[in-house]
């Protein structure tokens with residue numbers, strides 16, 4: 001018998017994968033969204049968290065971007 005799980009495949013670099021893994025780890029057990037960590041750069045997550053991950057990454061990049069002083 002085959003068991004299938006619907007999810008979202010994420011391919012990214014190692015630091016971004018660690019960011020997503022840490023974001024998942026900071027949530028309570030009932031809200032964890034990572035189904036399986038495939039390797040250092042590939043994650044399989046629940047499909048309903050796509051926007052949450054995109055927003056967290058955008059916020060992280062905004063906080064860590066450098067603007068040259070004028």
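Laboratory data are not the source of any read-out in this text; all were calculated from the coordinates shown. It should be emphasised that the depicted structure is a prediction, and the values quoted were computed from it without experimental measurement. Counting neighbours? That spans all protein chains shown, and the Cβs are built from the backbone with ideal geometry, glycine included.
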Q) Within the range 9-43, how many residues turn out to be surrounded by 15 or more Cβ atoms within 10 Å (Cβ to Cβ) and under 10 Å from the mean Cα position of the chain (by Cα)? A) 11
Q: From the list 68, 6, pick out the single residue that is touching a residue at least 40 places away in the same chain (Cβ under 8 Å), loosely packed, with under 10 Cβ neighbours inside 10 Å and not in a strand (DSSP E or B).
A: 6
